[in-house]
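Only one structure is covered here, and it is reproduced in the block below.
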Amino acid sequence: MSSERASEEIKSRLDILDVIGGHVRLTRAGREWKGLCPFHTEHTASFYVNPEKQLWNCHGCHEGGDIFHFVELIDHTDFRGALEELAKRAGVDLSQDRPLNPAELRRRKQREALLHLNQLAVDFYHHVLLKSPAGEQGRSFLDARGVTEADRERFKLGYAPLGSTPDNLVRFLGQRQGEAADIAASGLARNERGRLTDFFRQRVVIPIRDEQGRTVGFGGRAIGDGTPKYLNTRTTSLFEKSHVLFGLDLAREAIHKEHRAVVMEGYFDVVGAHRAGVGNAVSTSGTALTEAQVRLLRRFSDEVILCFDGDPAGQHAAGVAVGLVAQAGMNCRLLTIPEGQDPDDLARGDQVRLRKLVEDAPPAWESLVDQALGDASPRSGGQGQEALRRAMRVLGRIPEASIRALYAERVGRRLGVDAARILRDVEQGGKGQAPPARGEGLSKSPGGEIAMGASAHLLGMLWHSPQLIAEVRDRYQVRRDDFLDPQQGDLYEAMAEVAPERLSPADLSPELRVRLEELPRGGFPELDEDAGSARRQRSLGDYVKRIRIETLENQAATLRQRLGELSHHRDGEGPQLAAELDRKQRQIGALRGSGGMEA
Ligand SMILES: [Zn+2]
């Protein structure tokens with residue numbers, strides 16, 4: 001059957017509302033259905049599905065098409081991948097179909113090879129943990145942590161032994177027809193002077209699976225005093241740690257059923273939570289929650305319960321994550337574990353209590369506002385002012401005006417201040433948000449996270465294909481100062497200096513080398529040979545634009561802040577600041593309006 005006939009056949013058997021409804025919560029809007037777009041961040045629905053025409057489109061990011069294009073985007077696959085996925089679901093046989101083109105074939109083959117190697121590694125590590133004398137250290141570590149046999153099975157935990165040679169796993173994979181190039185590309189090995197050695201040694205190994213249960217990477221917990229305590233697979237063509245959530249394959253059913261997900265901080269928190277019957281728990285790989293991860297969750301539910309440690313680092317991470325979840329238009333609650341404990345302790349000790357804490361978690365903004373207020377009262381004087389400022393910063397991050405007003409009431413009642421005045425101050429003071437200092441705390445602000453993503457992606461692309469630098473420099477006039485993070489700016493400059501040659505990491509300062517290592521090393525579909533130069537160009541343009549917008553917004557926030565500090569906008573430098581702010585805003589508007597942008 002030709003792929004054209006096959007796709008017609010598939011379309012006739014599947015309903016677009018079912019296909020999309022598995023990812024987006026749709027509600028009826030006249031003849032169409034609408035929901036929150038899974039491809040860009042929004043909190044009012046602009047994503048529409050037309051069941052009569054079997055088409056979808058988004059008024060926000062202007063993506064649209066049929067079910068195949070939807071699956072391409074949501075699964076990050078090509079047309080062929082979408083066709084196969086939907087054919088399976090529709091029960092259509094594709095065996096008579098056209099052959100793949102060479103680039104597709106190569107990519108598919110490598111992907112399959114890496115998935116296969118990962119699966120072999122899961123089996124190897126798991127076997128060592130369960131059966132081998134070399135797994136003893138791993139077994140006693142897990143025993144001490146109360147990790148049961150059922151847990152080891154459920155999460156397919158394993159152990160990477162120290163071994164008498166540094167290439168236990170590499171040899172095991174080689175014996176099973178693993179190609180050296182694939183083993184190197186899988187992240188399971190490192191290349192030490194031309195010799196492949198095991199990436200994980202003397203660590204408990206935690207397979208990280210995508211939502212469909214395929215192992216895409218690993219986390220490794222050091223035994224004893226090994227450093228770093230946690231080591232994750234580096235970025236590979238399968239694994240990008242900021243895009244996956246540990247435990248999602250096991251949790252997705254429960255998340256879907258309960259309409260909510262619990263996000264925890266660590267792998268073992270999740271293992272413990274599932275043991276305690278909190279089956280909708282997932283975690284990041286030891287990094288801050290990202291926008292991509294929030295979007296992933298939004299495919300399955302509309303509420304997130306954040307479960308973070310009570311220590312200052314955990315509190316800070318929670319505050320940032322709340323903003324991201326709210327920006328995505330999802331409900332957010334915040335469960336704070338009493339200081340000195342973590343969810344894993346609770347899961348071991350008092351399972352009923354953990355479930356109850358999850359059940360009773362208060363709305364996130366309420367927790368953050370209450371934390372900011374502390375025990376301040378109308379009679380607290382100076383401390384009360386401090387508390388009010390902290391609370392206003394929280395209020396300024398609430399995206400919905402009505403919810404902001406609700407919590408302004410709460411603050412007003414507590415401090416004996418008129419809520420309307422609080423709101424007015426919050427809205428005038430650049431939403432009360434202190435602008436991040438240049439290059440500092442960027443990855444911690446919700447907007448910043450996205451920008452770091454865009455600039456890192458662009459730099460990653462340029463590192464991958466240095467011949468593109470000329471275009472970015474000459475056509476888009478990108479300069480060092482276009483990067484919000486000065487070190488990324490320096491890195492760009494260093495790359496541009498030697499382009500079209502690739503920069504040698506040895507020529508960089510240690511700080512810049514770290515920056516370089518943080519860049520994504522793959523996952524650039526726009527660079528595929530068959531992606532075409534138009535797509536590549538559009539993509540470069542998009543990234544340049546996003547980076548510029550973020551820089552401008554950062555500057556605008558600083559101006560707003562300074563204006564807010566003046567007692568009156570006509571005072572002193574006020575008019576000049578206001579004019580500058582106005583200019584920045586017009587530049588932002590012009591960039592945003594110039595089309596072709598995804599977000
Ligand atoms: Zn959209």
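Here, each number is a calculation from the coordinates, and none is a lab measurement. All values derive from a computational prediction rather than experimental measurement. Neighbour counts are summed over all protein chains in view; Cβ atoms, including those assigned to glycine, are modelled from backbone coordinates with ideal geometry.
Below is a table of values for the structure above.
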{"read-out": "Amide H contacts of R145 (H built 1.01 Å from N, under 5 Å, at least 5 apart or other chain)", "value": "none"}
{"read-out": "S132/Q385 FRET efficiency (R0 60 Å; Cβ-Cβ; nearest 0.05)", "value": "0.45"}
{"read-out": "Pairwise FRET efficiency - H316 versus R521, Cβ, R0 = 30 Å, nearest 0.05", "value": "0.60"}
{"read-out": "Cα-based Rg of segment 122-185 normalised by 2.2 N^0.38 Å, two decimals", "value": "1.23"}
{"read-out": "Cβ-placed point charges (K, R +1; D, E -1), dipole of the chain about Cα centre in debye, nearest 20", "value": "300"}
{"read-out": "5 Å binning of all Cα-Cα separations within segment 243-362, expressed as whole percents from 0 upward", "value": "2, 13, 26, 28, 21, 9, 1, 0"}
{"read-out": "Zone residues, segment 37-56, relative to D75, backbone N less than 16 Å from point 7 Å out along Cα-to-Cβ", "value": "none"}
{"read-out": "Amide N of segment 141-170 lying under 19 Å from the label point, which is placed 7 angstrom from the Cα of Q119 along Cα→Cβ", "value": "153-158, 170"}
{"read-out": "Dimensionless Rg ratio for segment 450-490, taking C-alpha atoms and the 2.2 N^0.38 Å reference", "value": "1.08"}
{"read-out": "Extension gain, V514 back to Q175 (0.36 nm per residue minus Cα-Cα distance, nm)", "value": "118.6 nm"}
{"read-out": "5 Å-binned pair-distance histogram of segment 469-524 (Cα, whole percent)", "value": "4, 19, 26, 28, 19, 4, 0"}
{"read-out": "Segment 134-183 and segment 340-368: distance between their alpha carbon centers, rounded to Å", "value": "32"}
{"read-out": "Equivalent ellipsoid semi-axes - Cα gyration tensor, segment 3-90, angstrom", "value": "22, 14, 10"}
{"read-out": "Reciprocal of mean inverse Cα separation for segment 174-270 (Kirkwood radius, Å)", "value": "15.0"}
{"read-out": "Estimated FRET transfer efficiency when R0 is 45 angstrom, pair Q487-E400 (beta carbons, to 0.05)", "value": "0.80"}
{"read-out": "Charge-dipole axis of the chain as Lys and Arg at +1 and Asp and Glu at -1 on Cβ define it, positive-most pick from P38, G217, L527", "value": "P38"}
{"read-out": "Inter-label distance, nm, simple model (7 Å from Cα along the C-beta direction), D474/S12", "value": "5.3"}
{"read-out": "Dimensions in Å of segment 369-432 - Rg and Dmax from alpha carbons", "value": "10.4, 30"}
{"read-out": "Largest-first principal axis extents, alpha carbons of the chain, Å", "value": "76, 59, 58"}
